[in-house]
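To start, the structure itself, in structure tokens.
The values are calculated or read from the model by the stated rules, or taken from the named source; none is laboratory data. The structure displayed is predicted, hence computed values, not measured ones. Virtual Cβ from ideal backbone geometry, glycine too; neighbours counted across all protein chains shown. Just so you know, the surface numbers come from the protein's heavy atoms only, side chains and all, with ligands and any DNA or RNA stripped out. Shrake-Rupley method; radii C 1.70, N 1.55, O 1.52, S 1.80 Å.
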Amino acid sequence: MIIKGKVWKFRDNIDTDVIIPARYLNTSDPTELALHCMEDYDPQFTKKISRGDIIVAGKNFGCGSSREHAPIALKAAGLSCIIAKSFARIFFRNAINIGLPIFESEEITDQCTEGELLEIDTVKGTIKNLSTNKVYRTNLLPEFIQKVISVGGLKEYVKEELKRREIDV
Amino acid sequence: MGRTIVEKILSAHTEKDDFKIGDIINVRVDFAFANDITAPLAIKYFKESGAKEVFDRKKIGLIPDHFAPNKDIKSAEQCKLLREFAQEQGIENYFEVGKMGVEHALLPEKGLVLPGDVVVGADSHTDTSGALGAFAIGVGSTDLAAIMALGEVWLKVPPTIKFIYFGKLNKWVSGKDLILYTISKIGVDGANYQVMEFSGEVIKRLSMDNRFTMCNMAVEAGAKTAIIEPDQITLEYLQGRATRPYQLYKSDPEASYEKVIEFEVSKIEPQVAFPHLPENAKPISEVGYIKIDQSIIGSCTNGRIEDLRIAAEVLKGQQVHPEVRLIIIPATQDIYLQALREGLIDLFVSAGAAVSTPTCGPCLGGYMGILAKGERAISTTNRNFVGRMGHPESEVYLASPAVAAASAVAGRIVSPEEVK
Ligand code: SF4
């Protein structure tokens, strides 16, 4: 899979309250959650971004509560993936489970600037900065995770896996 | 190269065992469970995924413990969902009020989680079962739905930090004090993503109940889970409980660890974690004058029989301070019954304590002991975040059952020495 998009830069320790404030948790409708994504960080954020854009953040992205609403809001807002120095454990699981690709890279976070264009090759495990032509290595998404993401999340994966097992029998 | 106990367990549960730390692997699950908060969503996702039957009726636990006995209409509806799903799917390990207990105390007690198991619970304190030498992790509802359908979970192979405790424990110093002390040294994210392996001569001598308490709070240091190598004490605990065969794994001497941290325990005093983080622990001698309104003894951290025995030892011949509410909640029905037979319940009630049927209740600010604005509690539970036990302007101090019992008598936070 190739992911291409414009960079939005974020600091360390972006917590789930910043990603989607608790006052909007009375719904789990992705389109509605998307409207408030990063609202307390930048009220105009969802208006500024275009479909396919990428968040590049510091360490511990997604720390705080275990709400699955956080990656759902990011995905529904149109972001194609998140790159960070590191992720909080439960956010990491939740992002993959709902089908939002995430990548860890120290270098790219330090070296790219907002507005630059990145291209990620999930099979090769490379991130290319199309604005500077520099190529970085990132963690390869393991085969299993690629499968989960490509079908759209863990729920869809379970659906397919159940079908496959039925055929096997 | 040697392997840690966690690597060995994972390797026995996955197809390819040539994994490295950081790799993502799929592992078979021996036991999965959820409670009245997390199960309803997991059941919804399970159904939405098109699954018809759970992967194994014997390997799933549904435990209504947080707001049960039902505290209000909403929780009654949630618990009803669990009950109906259990009936519909023929899930054997559904625990009705009257047989129920706080999940992390109940499952080991019933012999449902065993050494060498991969245990996954939709609750962050699933790490408690690591005390048996199982790999036990907490996840969210979507994960649990997938496990109920497929019997597998994906996970990232974690590095392990080894903790070695040596020296002699002081009187009144328990597993709770060791873990509070440890968290105060490494911080609330000190073990992020990693496994905490507790070892050393102190752990080898520690009772199962104290081991459960230590593993329970590993998540308060951000850990993925905690683990203790099974030994004679583990085997004695399992006698008459284990319902199926199990495997005992040990770390190889040459296993590689992310870090090794040693603690000499003889200078450790009973600890008290100040609001609003579990890492704010101070030795009891430095606590100062802190008046309390309530004392809670219970929860998945400290609601086991030994905890009640220690509380009784402190409360014997004493009365609860007239301005304090002491609430004691045995973590399971069996613990309750045992306490009754040993005369502990009589002693508690005579001392002026309220004793409740098992429930999480006040631990998460659910019910059965909510704090008003400005009130202060000492509690044997595991979290003292803002508003955890009630009003956002109330305060929770975490400590052992000995300190919580002594403080209930004194009306302020004190060492058990002061009332004995
Ligand atoms: S007793 Fe408290 S920490 Fe333990 S499972 Fe219940 S709510 Fe969670």
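Of note:
- Selection status of B:G361, within 16 Å of the ligand (Cβ to nearest atom), open to solvent by less than 40 Å² (accessible area, probe 1.4 Å), away from chain A (no Cβ under 14 Å) and in contact with a Cys (Cβ under 7 Å, 6 or more places away or on another chain): no
- Listed conditions (1) of a type in the set (G, A, S); (2) touching a helix residue (DSSP H, G or I) at 6+ places or on another chain (Cβ under 9 Å); (3) in a helix (DSSP H, G or I) are all met by B:S285, apart from (2).
- Scanning the stretch B:144-166 for residues that are open to solvent by 10 Å² or more (accessible area, probe 1.4 Å), more than 10 Å from every other protein chain (Cβ to nearest Cβ) and in a helix (DSSP H, G or I) yields no hits at all.
- Meets criteria (among the aliphatic types (A, V, I, L, M) and open to solvent by less than 10 Å² (accessible area, probe 1.4 Å)) for B:I329: yes
Let's see how each residue does on (1) within 11 Å of another protein chain (Cβ to nearest Cβ); (2) farther than 25 Å from B:V97 by Cα; (3) in a helix (DSSP H, G or I):
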| position | (1), (2), (3) |
| --- | --- |
| B:L10 | no, yes, yes |
| B:I25 | yes, yes, no |
| B:P40 | no, no, yes |
| B:K52 | yes, yes, no |
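- Residues of the stretch A:118-169 that turn out to be open to solvent by less than 60 Å² (accessible area, probe 1.4 Å), modelled with pLDDT of 90 or more and within 11 Å of chain B (Cβ to nearest Cβ), as a count: 8
- B:G98 fulfils the conditions (1) part of a helix (DSSP H, G or I); (2) open to solvent by 10 Å² or more (accessible area, probe 1.4 Å); (3) of a type in the set (G, A, S) except for a single criterion, (1).
- Residues satisfying the stated conditions in the stretch B:167-192, i.e. open to solvent by less than 40 Å² (accessible area, probe 1.4 Å) and either within 14 Å of chain A (Cβ to nearest Cβ) or not hydrophobic (A, V, I, L, M, F, W, C) (or both): B:G167, B:S174, B:G175, B:K176, B:D177, B:T182, B:S184, B:G187, B:G190, B:A191
- The single residue among B:G352, B:G343, B:G288, B:G298 that is within 20 Å of the chain's Cα centre (by Cα), at positive phi and either within 16 Å of the ligand (Cβ to nearest atom) or not basic (K, R) (or both) turns out to be B:G298.
- Among residues of the stretch A:1-51, those that are closer than 13 Å to A:I82 by Cα, surrounded by fewer than 18 Cβ atoms within 10 Å (Cβ to Cβ) and in contact with a Cys (Cβ under 9 Å, 6 or more places away or on another chain), counted: 2
- Some residue of the stretch A:45-53 being in contact with a strand residue (DSSP E or B) (Cβ under 7 Å, 6 or more places away or on another chain), aromatic (F, W, Y), at pLDDT 95 or above and not in a strand (DSSP E or B): no
- Scanning the stretch B:368-393 for residues that are more than 14 Å from the ligand (Cβ to nearest atom), at pLDDT 95 or above and not β-branched (V, I, T) turns up B:L371, B:A372, B:K373, B:G374, B:E375, B:R376.
- Within the stretch A:91-101, being within 12 Å of chain B (Cβ to nearest Cβ) and either closer than 15 Å to A:E119 by Cα or of a type outside the set (V, I, T) (or both) holds for A:F91, A:F92, A:R93, A:N94, A:A95, A:N97, A:G99.
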